[in-house]
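J.: Shown below is the structure under consideration.
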Amino acid sequence: MDMFGKHRTRLKRCGIVLLLLMLGNCAPTPTVTPPGILEPGGELWEQAEQLYRDGAITDAQPIFEQYVADFPDGSYAPAVLMRLGDIYSRLDRTDQSIAAYRRLVRDYPDSPPAADALIALMQTFYAVGDYQKAMEIASDIIQRPVSERHIYMTYSLLGDIHLAIDAPQDAIAFYTMAHDKASAEDKNKTVAKLKQAVRQLPPDDILTLLNRLRDDLPISYLLYQLALNAIEVKEYGDAIDALDELAARFPDHEYAPDALALIDELKTGYVFRQDLIGVLLPLSGPYRPYGVRALQGIELALFNHNQQPGALPIRLMVRDTAGDPGTTVELVQEMFTEQAALIIGPIITAEDAATEAEALGIPILTLSQKDGIPELGKFVFRNFLTPRMQVETMVTYAVQKLGLTRFAVLYPDENYGDTFMNLFWDQVVEQGGQVVGLESYPVDQTDFAAPVKKLVGLYYPLPAQFARMEPPAIGLDAVFLEETTPQHEPPPEENEDDGLKPPEDEGPKAIVDFEAVFLPDAPTTAGLIIPQLAYYDVHDVYLMGTNLWHSDRLLEMAGDYMEGALVAEGFYADSRFDHVRKFVADFESVYGQRPRFIEAVAFDTAGIALDTVDRSNNDFRSGLKRELLGLNNYAGVTGRTSFDETGEAEKQLTLLQIHRNRFTELDTFSLETAPVSPGFQTLGSSPSQGP
């Protein structure tokens with residue numbers, strides 16, 4: 001099918017009829033020069049023409065047809081064929097209409113109506129969606145010595161065709177040429193079509209045309225549309241630049257007054273105060289402890305910033321959301337009205353705040369782990385610890401530093417466990433590894449012998465013929481099904497002895513074909529599971545857990561079985577890095593307690609906001625948004641931070657390893673720190689203490 005074929009079905013039958021009627025009404029009147037003496041057939045012509053002009057086209061039709069049949073070489077023949085083509089079009093007899101026009105052009109190429117017939121042919125093919133043939137007719141018209149009126153109509157129709165085939169750039173070019181040939185009345189019609197084409201242009205195409213075109217007519221409308229597009233995405237600085245150029249270059253343009261009014265509105269309503277930053281936190285209600293802790297980190301960042309020589313003094317506009325969505329939205333509106341540069345927070349009602357901030361065009365740096373926050377808009381950012389960050393940090397270290405390729409996952413069957421399991425699996429596959437074991441357990445379970453035994457192939461009796469076979473690796477395309485007890489086997493009985501390890505000379509051996517086990521659960525649950533892994537001969541493998549594992553309670557419960565375990569953490573107060581130590585010391589001196597993750601990430605977020613606002617030379621918040629997107633490896637106490645194109649933080653988290661019943665910090669930046677070997681041993685032997 002040619003490039004125009006897909007467009008031929010756009011117009012339904014009733015639409016074609018309506019368009020043809022419209023085109024017929026504006027069809028050129030045929031130029032007829034009858035002889036001084038009425039020739040044979042003259043009476044037929046006059047009779048039919050009168051009926052045609054009176055609107056009785058169905059009565060005129062047979063008389064015109066009789067003339068063509070009786071006087072094919074008569075001097076009225078070109079005019080009669082022109083009338084018949086128009087009548088057939090109005091009666092939805094398109095093929096006959098085309099045949100009449102083609103006969104006129106073929107048999108009477110030099111007659112005055114020939115050019116009119118070509119225009120009518122072009123209009124007919126356009127009306128039925130046959131754009132290729134319409135363009136071929138246009139090429140024929142342009143090569144003929146026709147009037148400027150015909151050239152205007154040809155270019156105008158070419159513009160319509162290119163607009164119909166989604167080529168607005170070409171449509172603009174043809175409308176511009178049509179405008180040059182148009183009468184005063186037709187110029188207005190052409191400008192209306194030109195504006196329609198400009199509105200259909202993608203933003204990048206507008207810039208392309210502005211750099212390419214030299215004609216003032218399209219440039220003026222392109223500048224105005226460029227400004228409107230910029231306003232729509234809240235790029236007010238770009239909008240003002242385009243409007244300024246329009247008003248300066250075209251002071252008498254129809255849009256010049258609108259341009260000046262928009263400039264005034266943007267400059268008075270959308271500028272921001274560089275010395276004011278909004279803060280939204282739950283400072284009352286059930287989430288007050290988190291809000292207070294975050295505010296302490298933000299206040300310390302502000303104090304440090306304002307103490308720097310030459311720094312712009314900035315103040316905070318702190319408001320209490322009380323964890324209420326309605327209150328949060330109202331406070332975002334207040335901060336916009338007060339011209340705050342940007343907003344830090346909130347924690348609990350981040351989705352409501354982000355939605356309103358996006359609508360108003362004010363950058364917001366949320367402190368929320370909730371899914372999908374950055375995707376709410378281009379002005380929405382998130383700087384917080386997310387499951388994806390933790391998984392990426394652990395898997396990258398395990399694969400690139402430790403050389404591990406085979407992993408198992410043991411996880412709780414609920415949202416937290418499901419989320420981490422899926423992210424971990426995806427990340428392992430992305431980095432070239434395999435998930436070779438996967439088991440879940442109910443959240444209310446306290447005896448974990450069953451899922452552990454399933455993980456190592458001890459849960460079900462193994463048929464003798466398969467006893468020596470290795471289990472297949474679980475690849476990317478594997479589908480995990482819920483395990484069920486075989487119909488031919490009775491379910492295992494649960495009693496006091498269930499889960500006890502048989503003597504070494506009895507029963508099958510554990511199949512440990514993985515090098516690491518990921519267990520995304522709370523320390524109290526992980527502390528029950530980890531000893532059972534060792535109990536069932538899972539040893540010399542790495543344990544991997546989420547930031548919840550950074551707990552003394554876990555060390556107390558699992559003890560030496562935790563040796564070598566890896567934990568992703570958002571903040572480590574005992575870090576060896578000087579800037580972290582300084583933050584901890586400053587925080588303790590001011591607030592009398594050690595900071596935790598909430599205080600640390602709020603401190604970093606405020607630092608990013610303060611630095612961005614201080615160094616900005618932008619008059620509008622869209623400039624601040626671009627600068628935040630350009631952030632590159634901000635050296636914060638919660639790790640190096642950048643923002644991706646969606647506004648999601650990309651953080652290089654702290655990776656902790658348990659060594660001699662203590663958490664130690666690994667250097668994930670260079671991957672050069674020597675890792676501790678895993679400490680799982682068989683039951684009854686002493687777990688390794690490492691070097």
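J.: In the range 89-123, what residues are farther than 18 Å from Val146 by Cβ and in contact (Cβ under 8 Å) with a residue 24 or more places away in the chain?
T.: Ser89, Arg90, Leu91, Asp92, Thr94, Ser97, Ile98, Asp107
J.: Looking at the range 521-567, which of the residues that are within 17 Å of Ala408 (Cβ to Cβ) and among the charged types (D, E, K, R) is surrounded by the fewest Cβ atoms within 10 Å (Cβ to Cβ)?
T.: Asp540
J.: Taking the options Arg576, Arg581, name whichever one is of a type in the set (Lys, Arg), in contact with a strand residue (DSSP E or B) (Cβ under 7 Å, 6 or more places away or on another chain) and surrounded by fewer than 18 Cβ atoms within 10 Å (Cβ to Cβ).
T.: Arg576
J.: Can you find a residue that is buried (at least 21 other Cβ atoms within 10 Å of the Cβ) and within 23 Å of Thr327 (Cβ to Cβ) anywhere in the range 392-399?
T.: Among the residues of the range 392-399, not one is buried (at least 21 other Cβ atoms within 10 Å of the Cβ) and within 23 Å of Thr327 (Cβ to Cβ), which makes the answer no.
J.: Any chance you could count how many residues in the range 518-576 are free of Cβ contacts under 8 Å to residues at least 40 places away in the same chain and part of a helix (DSSP H, G or I)?
T.: 14
J.: Just to be sure before I move on: is Glu392 at pLDDT 95 or above, assigned by TED's automatic domain parsing to the domain that holds Gly527 and out of contact with any Phe, Trp or Tyr (no Cβ under 9 Å at 6 or more places or on another chain) in the structure I sent?
T.: no
J.: Taking the range 344-375, which residues are in a strand (DSSP E or B) and either modelled with pLDDT under 95 or not β-branched (Val, Ile, Thr) (or both)?
T.: Selection gives Leu365 alone.
J.: Right, here's the next one. Restricting attention to the range 402-417, does a residue exist that is surrounded by fewer than 17 Cβ atoms within 10 Å (Cβ to Cβ), at pLDDT 90 or above and of a type in the set (Asp, Glu)?
T.: yes
J.: While we're here: Can you tell me which of Ala178, Ala192, Ala167, Ala173 is surrounded by fewer than 17 Cβ atoms within 10 Å (Cβ to Cβ) and among the hydrophobic types (A, V, I, L, M, F, W, C)?
T.: Ala192
J.: When the residues of the range 449-463 are filtered to those that are under 44 Å from the mean Cα position of the chain (by Cα) and not small (Gly, Ala, Ser), which remaining residue is modelled with the lowest pLDDT?
T.: Val456
J.: Would you be able to tell me the number of residues in the range 56-71 that are free of Cβ contacts under 8 Å to residues at least 12 places away in the same chain and under 18 Å from Ala99 (Cα atoms)?
T.: So the count comes out to 2.
J.: Among the residues of the range 298-343, what is the count of those that are in a loop (DSSP other than H, G, I, E, B), of a type outside the set (Gly, Ala, Ser) and surrounded by fewer than 20 Cβ atoms within 10 Å (Cβ to Cβ)?
T.: Going through the range 298-343 one residue at a time, the tally reaches 9.
The values are calculated or read from the model by the stated rules, or taken from the named source; none is laboratory data. On a predicted model such as this, the values are computed, not experimentally measured, just so you know. For neighbour counting, all protein chains shown are included, and Cβ atoms are generated from backbone atoms with ideal geometry for every residue, glycine included.
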